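Asker: Shown below is the structure under consideration.
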Amino acid sequence: MTAVEQVETPPVKPARRSRRDEILEIAVGLFAARGYHGVSMDDIGTAAGVTGPALYHHFGGKKDMLIAALVPVSEGLLTGGQEQVGKHPGNPRVAVEALVDFHVDFALANPAVIALHLHELDRLPEEPRREIRRLQRQYVEVWVQVLTRLRDDLTDGEARVLAHAAFGLMNSTPFLGGEVDRLRRATLLRAAALAALLG
C-alpha cells in the first residue's frame, strides 16, 4: 500500500439497545401514563410483545423496574453535573450555564422518567429510595457550590432554594404539550432557569 492509498473505515453502527432496555422504556412510559398501581406485569408484557416468563427473565417484578429506571438516572445526573462543572473550573458563570443546558437536555429527553420520579418514588423499598435521595442531594450540592462561587450575595441555603426552583422549572417537561417545538422549549426553559438562578 502506498502512502497516498487510504483504507476506508466502515461506519460505526450505533450500539443496539438491549431487549431489557426496550422493556424498561415501555414500563416507564406506562407507569408515567397510568400510575404504578394502574399497570400490571401483563400490561407491560403485552405492550412489549413478550410473554410473562420472558418478562421475568429480565425483571423480578414492577419494583425492580422502578429501581432500574430511577437509580441510574440519579447516578447519571450527578456524574454529568460534576463533569459539566469540571470543564469550567475557573468560570462559575459558564459552569452554571453548562449545568442548565445539561439538565434541560435531560428533562426534554426524559419526561416520563421525571413524572415517574415525581409520583412514584415512594413506592420503592427503603434502601434504593435512600440511595436516590442521597444522589439527589449530592447533585443539588454541585449546583450550590457553583452558585455560591458565582454570587457572593448567596448563602448555601439560599443557593439551595434557587437550585430547587430552577429544577422545578426545568422538570416541568411532563406537563408541557407539543404545541411548542423542542428547540423553542429548550430555549424557554434555559432562559427561565437562568433568570431564577442569576437574579
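The values are calculated or read from the model by the stated rules, or taken from the named source; none is laboratory data. These numbers were taken from a predicted model, which means no experiment stands behind them. Cβ placement follows ideal geometry from the backbone for every residue including glycine, while neighbour counts extend to all protein chains displayed. Each accessible area value is taken on the protein alone, full model and side chains, heavy atoms only, with ligands, DNA and RNA left out. Shrake-Rupley method; radii C 1.70, N 1.55, O 1.52, S 1.80 Å.
Asker: Only Cα pairs within less than 10 Å get springs; with that Gaussian network setup on the chain, which residue of Val28, Val39, Val113 has the largest fluctuation?
Answerer: For the chain, modelled as a Gaussian network with Cα springs under 10 Å, the answer is Val39.
Asker: On a full-extension model of 0.36 nm per residue, what is the gain between Phe175 and Asn91, subtracting their alpha-carbon distance, rounded to one decimal in nm? Before the final figure, lay out the partial values.
Answerer: Details: separation 84, 0.36 × 84 = 30.24 nm, distance 3.33 nm.
Result: 26.9 nm gained on full extension.
Asker: Same structure again: What is the distance in Å between the Cα centres of the range 51-96 and the range 145-199?
Answerer: Result: 20 Å between the Cα centres.
Asker: Starting from the residue with the highest accessible area, list Glu97, Glu158, Glu83 in decreasing order, probe 1.4 Å.
Answerer: Working: Glu97 45, Glu158 85, Glu83 105 Å².
Largest accessible area first, the list is Glu83, Glu158, Glu97.
Asker: How large is the accessible surface of Thr51 in square angstrom, using a 1.4 angstrom probe and rounding to the nearest 10?
Answerer: 90 Å²
Asker: What ranking of His88, His119, His103 comes out by heavy-atom accessible area, probe 1.4 Å, highest first? Write out the running numbers ahead of the final one.
Answerer: Values: His88 50, His119 120, His103 5 Å².
Greatest to least solvent exposure: His119, His88, His103.
Asker: Do you know the relative contact order of the chain, to the nearest whole percent, from alpha carbon pairs under 8 angstrom that are 6+ apart? Could the numbers behind the result be given before it?
Answerer: Working: 162 pairs, mean separation 42.4, N = 199.
In percent, rounded to a whole number, it is 21.
Asker: Related question: Calculate the spin-label point distance for Leu121 paired with Arg20, positioning each point 7 Å from the Cα along the beta-carbon direction, and give it in nanometres.
Answerer: 2.5 nm
Asker: For the chain, state the semi-axes of the equivalent ellipsoid (square roots of 5 times the eigenvalues of the alpha-carbon gyration tensor), sorted largest first and rounded to whole angstrom. Intermediate values should be presented prior to the final figure.
Answerer: Working: eigenvalues 209, 149, 56 Å².
In descending order, the three semi-axes are 32, 27, 17 Å.
Asker: Leaving ligands, DNA and RNA out of it, work out the accessible area of Arg17 with a 1.4 Å probe and give it in Å² to the nearest 10.
Answerer: 110 Å²
Asker: By the gyration tensor of its Cα atoms, with a ≥ b ≥ c the square roots of the eigenvalues, what is the shape of the range 88-192: rounded for a/c under 1.5, prolate for a/b over b/c, or oblate? Let's see the in-between values first.
Answerer: Numbers: a/c = 2.22, a/b = 1.12, b/c = 1.99.
It comes out oblate by the Cα gyration axes.
Asker: In deg cm²/dmol, rounded to 500, what helix-only [θ] at 222 nm does the chain give when every DSSP H run of at least 4 residues adds -39500 (n - 2.57) and the total is split over its residues?
Answerer: Working: 9 runs with 141 residues, N = 199.
Value at 222 nm, helices only, nearest 500: -23500 deg cm²/dmol.
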